[in-house]
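Structure record follows, encoded as structure tokens.
What follows draws every value from the coordinates through simple rules; no lab data is involved. Since this is a predicted model, take the numbers as computed values, not measurements. Reconstructed Cβ throughout: ideal geometry from the backbone, glycine too, with neighbour counts over all protein chains shown.
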Amino acid sequence: MGRIIMKSRFTLFRRGPAFYCQDTTTGKQASLRTKDEEEARALLHAKNEAYRQPMLNLQIARTYLSASDPQIGDGQDQARPNEDPA
């Protein structure tokens, strides 16, 4: 079976001491605000994964939030005091 290889949406490059990413579709460049190559690669990987699988990214964000605040995402939507629940 042939393996499907997807081209990454974002590429990594260095300008001086800082790392940047470039959107291969639009050509837009943005600083990753780091001088550490390992951190830059992790940020680049996160950007590419967010593009490939946006719903997975949302689930991961919810997991991080629920770890910091167990009441987030408990499935019980509570009406605010001044709101009508209907």
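Candidates 44, 22, 58 compared by Cα position along the dipole of the range 10-68: farthest toward the positive end lies 22, with charges placed on Cβ.
What does the charge count around residue 57 come to, taking other residues whose C-beta lies under 14 Å from its C-beta (Lys +1, Arg +1, Asp -1, Glu -1)?
+3
Under the convention that each Lys and Arg Cβ holds +1 and each Asp and Glu Cβ holds -1, the size of the dipole of the range 10-68 around its Cα centre is about 160 debye. Quick one: net charge of residue 34's neighbours, Cβ under 15 Å, K/R +1, D/E -1? So the surrounding residues net to +2.
The coefficient of translational diffusion for the range 10-68, derived via Stokes-Einstein from the alpha carbon Kirkwood radius under 20 °C and 1.002 mPa s, stands at 172 µm²/s.
Extension gain for residue 22 to residue 72 (0.36 nm times residue separation, less C-alpha to C-alpha distance): 14.6 nm. Each Lys or Arg adds one and each Asp or Glu takes one away; over the other residues whose Cβ falls under 10 Å from the Cβ of residue 20, this sums to +3.
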